[in-house]
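Where a number appears in this text, it was derived from the coordinates with a stated rule and is not lab data. Just so it is clear, the structure is predicted and the values come from calculations on it, not from any experiment. Cβ: placed from backbone, ideal geometry, glycine included. Neighbour counts: every protein chain shown.
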Amino acid sequence: MSTKLWIILSVIFLSTQTYSQEAILHISNESTDKEYCIVYNASWTNLSNSLRDSEKYQVVNLVSSFLCDDSAIVPDVTGKALVVMRGQCDFSQKAQVAQKHGAAVLLVVSNRTMSPPSANDSEYAKVTIPLALMRYRDIVDAQQVFGKDMSARLYAPPVPVFDVSIVVMLIIAVSTVALGGYWSGSAEKDKQSEGAFPGSAEEASSSGDLALYSPLKVVIYVALMCVMLVLMYFFYKWLVYVIIVIFCLASATALYSCLDALLNKIGCGTCSFSCRSKDVSVRSLLLFAICVSVSVVWGVYRNEDRWIWILQDLLGIAFCLNFMKTISLSNFKICVILLSLLLLYDVFFVFITPFLTPNGESIMVQVALGPESSGEKSDGNIVEVPADPTPTYEKLPVVMRVPRFSAWAQNLCGMQFSILGYGDIIVPGLLIAYCHRFDVWTGSSKRIYFISSTIAYFLGMIVTFAVMLISKMGQPALLYLVPFTLLTSAVVAWSRKEMQQFWAGTTYQVLDSSREPLSPGVNYL
């Protein structure tokens with residue numbers, strides 16, 4: 001169980017947010033029209049915001065040429081859009097040659113991953129015509145559809161900074177944390193009603209859950225997570241499949257646990273039959289079949305961005321809920337140690353590692369996005385569009401994904417997502433689950449610790465998203481969530497004069513509402 005725990009923990013603290021510089025190439029002739037994805041540099045090229053305001057250019061297809069010097073044979077391209085092949089020289093050199101021949105627009109065709117074209121600072125002022133990249137497969141398609149007679153318009157509709165997907169993500173995160181904390185507290189209450197006291201051997205054996213009570217174990221777990229993340233960075237293409245298999249198994253088990261608990265809660269009965277002198281539950285068989293099927297479908301179609309994100313989020317919610325219910329932190333001291341170490345872990349691998357890696361890459365971002373995301377740098381404004389919309393690499397299933405509803409170029413350049421790592425739900429969720437269990441131990445009918453910590457998480461998420469929108473950068477959410485939840489819980493404990501009990505947790509003789517020891521004869525471990 002311990003090995004499985006640190007493997008899972010080591011890959012669930014990854015999240016990021018991207019902002020693109022994508023535009024639309026509208027190609028038409030007298031009878032038809034079609035749109036394609038292009039990538040441009042907004043600080044270098046100005047494009048109209050709408051199709052109506054954009055200029056129309058006749059297209060000259062010179063894709064057989066790299067256009068790197070004046071010796072290239074160029075037909076009359078005065079006032080036209082010139083299409084050439086990528087490679088052999090930089091973008092500014094191609095653009096200057098195109099300008100000399102009178103071209104009004106330069107479209108560079110790429111058969112590899114596209115990122116916004118760039119040049120040395122001294123070269124920017126020399127290029128006065130719009131410059132953009134398009135996929136090789138798109139120019140081939142345009143030739144088949146339009147032939148030689150085609151004209152083009154380039155425009156970049158504005159993308160709102162705020163997207164509804166952020167609200168959806170906020171609802172998912174807060175609801176999951178609240179449900180996970182509630183489930184953990186309810187399970188604790190059920191154990192007490194059965195006579196199992198906090199921290200007792202009877203409680204541990206009856207639940208099958210795992211409690212973290214040793215600071216040394218917490219430190220070891222976080223150290224192993226660091227090692228695992230570094231291994232993922234260097235050996236991604238092999239280890240990613242190990243994580244995918246683990247996720248399929250763990251999420252199917254978690255979904256079964258959640259659905260079974262839900263059916264028990266609503267009072268759904270079970271029907272069983274005998275098989276080889278053993279009683280077999282029909283409900284359990286059906287749930288098993290459903291959960292395995294959902295996990296298998298996700299595993300088979302995991303790269304289908306259009307709809308598979310729904311299943312991934314469903315499995316992710318179940319995974320987080322079951323994790324918060326199964327893994328318990330025994331006291332506030334363990335909560336402080338674990339959350340503080342993971343905060344340092346998150347900040348180090350997001351903000352510090354770019355200074356240590358050869359290409360200035362953030363290890364956390366690279367592992368979260370996959371090996372083909374080298375253009376996703378710390379400024380948050382660079383996007384890469386694959387030459388083929390079909391993903392050629394695997395992505396870690398460790399994030400909640402919600403498509404950006406205002407992303408106008410989704411159908412052209414690929415879907416854009418708001419992303420939140422499982423760790424940004426689970427890590428604060430473990431503290432919130434502890435707060436609810438402490439409410440149960442003290443007999444608090446108002447659930448003051450649980451409610452206040454959940455509100456603190458909600459406020460921390462709002463601050464996280466606000467900073468992300470203002471800075472236009474992906475943020476390590478634990479940087480905001482950990483202080484919000486830890487400080488709020490501590491303030492509540494101090495104000496209620498229960499810090500000693502809250503700090504010691506199950507290692508202390510917790511008092512109930514009558515202020516009598518719940519189990520005066522029990523020695524807590």
Worksheet item: What are the lysines whose alpha-carbon lies under 16 Å from the alpha-carbon of residue 472, with same-chain residues fewer than 8 places away excluded?
Response: 377
Discussion item. What lysines does residue 265 reach when the alpha-carbon gap must be under 25 Å and sequence neighbours fewer than 8 apart in one chain are set aside?
Written reply: 189, 191, 325, 446
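Could you give the length gained by full extension between residue 504 and residue 90, i.e. 0.36 nm per residue of separation minus their alpha carbon distance, to one decimal place? Provide the component values of the computation, followed by the final result.
On the way: separation 414, 0.36 × 414 = 149.04 nm, distance 6.33 nm.
Gain on extension, residue 504 to residue 90, equals 142.7 nm.
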Item to complete: With r as the distance between the Cβ atoms of residue 314 and residue 193 and R0 = 30 Å, compute the FRET efficiency 1/(1 + (r/R0)^6) and round to 0.05.
Response: 0.45
Practice prompt. Write out the trypsin sites (Lys or Arg not before Pro) in the range 43-111 meeting two conditions: DSSP loop, and at most 15 other Cβ atoms within 10 Å of their Cβ.
Written response: 52, 56
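If I take every Cα pair under 8 Å that is 6 or more residues apart in the range 22-155, average their sequence separation and divide by the length, what percent do I get for the relative contact order?
Values: 270 pairs, mean separation 47.1, N = 134.
Relative contact order comes out at 35 percent.
Subtracting the Cα-Cα distance from 0.36 nm times the residue separation, let me have the gained length for residue 141 to residue 283 in nm, one decimal. Let's see the in-between values first.
Details: separation 142, 0.36 × 142 = 51.12 nm, distance 5.19 nm.
The residue 141-residue 283 span can extend by a further 45.9 nm.
Compute for the range 22-155: radius of gyration divided by Kirkwood radius, i.e. Rg/Rh, restricted to C-alpha atoms, rounded to two decimals.
Checking Rg against Rh, the ratio lands at 0.92.
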Worksheet, complete the sentence: Between residue 58 and residue 293, Cβ-based FRET efficiency (R0 60 Å, step 0.05) works out to 0.65
Worksheet entry | Mean Cβ count within 10 Å, highest first, over the residues of peptides 489-501, 148-160 | 148-160, 489-501
Worksheet item: Say each of residue 76 and residue 99 gets a label point 7 Å from the Cα, pointing the same way as Cα to Cβ; how far apart are those two points in nm?
Response: 2.4
Fill in: Computed label-point distance, nm, for sites residue 264 and residue 245 using a 7 Å Cα→Cβ extension
3.1
Worksheet item: With each pseudo-label sitting 7 Å past Cα toward Cβ, what's the residue 357-residue 186 distance in nm, one decimal?
Response: 4.1
Worksheet item: Straight-line reach from residue 126: which lysines have a Cα under 25 Å away, not including same-chain ones fewer than 8 places off?
Response: 56, 80, 94, 100
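Multiplying the sequence separation of residue 494 and residue 306 by 0.36 nm and subtracting their Cα-Cα distance, what value in nm do you get?
Extra length available between residue 494 and residue 306 comes to 62.8 nm.
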Worksheet item: Across the range 304-321, in residue order, what do the Karplus-derived ³J(HN,Hα) couplings come to in whole Hz, using 6.51 cos²θ - 1.76 cosθ + 1.60 with θ = phi - 60° and x for Gly and Pro?
Response: 8, 4, 4, 9, 5, 4, 5, 5, 4, 5, 4, 5, x, 4, 4, 4, 5, 4
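When averaged across all projection directions, what area in nm² does the alpha-carbon convex hull of the range 104-184 cover?
Numbers: hull surface 42.0 nm².
The orientation-averaged projected area of the Cα hull of the range 104-184 comes to 10.5 nm².
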Worksheet item: Using the alpha-carbon centroid of each, what span in Å lies between the range 454-484 and the range 209-256?
Response: 24
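Could you tell me the calculated FRET efficiency between residue 34 and residue 129, based on Cβ-Cβ distance and R0 = 22 angstrom, to the nearest 0.05? Don't jump to the answer; show the numbers that get you there.
Values: r = 23 Å, r/R0 = 1.06.
Here the calculated transfer efficiency is 0.40.
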Worksheet item: Taking one equal scatterer on every alpha-carbon of the range 304-368, how large is log10 of I(q)/I(0) by Debye at q = 0.14, 0.19, 0.21 1/Å?
Response: -0.71, -0.93, -0.94
